[in-house]
Structure formats: C-alpha cells, structure tokens
Amino acid sequence: MRFNPRKAALIIVDMQDKLLKIISDRNKIIGNIRLLVKLARLEGMPIVVTKQVKLGEIAAEIKEVLPADIVVFEKKSFSIFGDEKISAYIEGLQKQQLVITGIETHICILQSVMDALDEGYRVYVPPDAVASQIEHDHRYALSHMARLGAITLPSESLVYMAMKTSEYPGFKEILEAVKERRRNQ
C-alpha cells in the first residue's frame, strides 16, 4: 500500500530536550520531523505528540511548527499504545496508516511500532526521523521493525510520495522545508 496522507496520522514520540541532548543527530531528526509536520499541516493529517513523564517539555524547534492548540499526551509506558488515552485517541482518528517518529528508536519507537502493527495499522518509520543514543541500537531496531512489516523510508520519500507531482498545491512550501532539511543534515 502506497503512503497516503489522507489515510495517515503523524506520531511524534518524546521529542523532549532531556532526551534530545543525548542524541548525536539532534539537528537531523529535528529537521526531518519539521518537514513531516509541514506535510501534515498542508494535508490536514492529524498530529499526535507524546512526552515521557518527568523528562520535560517538547523541544522548542518542534513545538514552534506544531499547531498552537495541539494536545501533548504525557505517558508512562514506553509504547504509545500502553497508555489508554493515547491509544483511544489514535483509534478515534480512524486512520489506517501511521508515520511514527521520535526517540529512542530501540525503546519507545520499537514498542510503539510493534503494537501499531498488532493493531492492524500500516506503519511507516522514517529512519531519519527516529534516533537512539547508540547508533547500532538504532540500526538493529529499524531492521527488526522492517522484518515485522513496518515500512522504512526516508522522510523526503514520504513527502514526495504524498505530493505525487510538482503541481502539488503546497509544492513551494514543501520545497523550502526540504531545502532547510538538507542544510541541517
């Protein structure tokens, strides 16, 4: 199944400063999530944001591109589906596809992806929009998710799949976000 933003929700997991300070690719992951947020906002895709309890607020670089009225769900579980409020909210969106981003790949992202797949979602994990402190943890978790059925494609691939053509109404806006992303890689 091809990525379709009208059938998808964007999930941003635990992009908190306390966690981001241990991520070596901080700017890369932020730039890619910002690009996906731009697409989500242009397409009217729901955006679900979580933060791990006791680890502070969402990073300003992410917060500034989110809708002002966004609800940030606080969670204690590693998987987003381990929290009944988050799980019910996502189910209520009635979307078939989830784009799951955030940190850390081998913990919260992996468990969220496994649960999403178990729930029957088509799951997309952009490897450049998830990260772990230790690179091989990141790689092994991505490999495992792909074996389970998650689709791992770069953020830019998903964005261009959604646009389909250079005549896409928000093409110039997206192109500017792509250029910004590339400068931060």
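Read-outs: derived from the displayed coordinates by stated rules, not from any lab. These figures come from a predicted structure and were not determined experimentally. Here the Cβ positions follow ideal geometry from the backbone for every residue, glycine too, while neighbour counts run over all protein chains shown.
Tabulated data
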item	result
Check on Y89, closer than 14 Å to T50 by Cα and surrounded by fewer than 19 Cβ atoms within 10 Å (Cβ to Cβ)	yes
Test result for S112, of a type in the set (S, T, Y), crowded, with 20+ Cβ neighbours inside 10 Å and within 19 Å of Q16 (Cβ to Cβ)	yes
Scan of the range 131-155 for residues that are in contact with a helix residue (DSSP H, G or I) (Cβ under 6 Å, 6 or more places away or on another chain) and assigned to a helix (DSSP H, G or I), ordered by number	D137, H138, A141, L142, M145, L148, S155
Identity of the residue in the range 105-125, in a helix (DSSP H, G or I) and small (G, A, S), that ends up nearest to the chain's Cα centre (by Cα)	S112
Flag if T105 is under 29 Å from E173 (Cβ atoms), polar (S, T, N, Q) and free of Cβ contacts under 8 Å to residues at least 60 places away in the same chain	yes
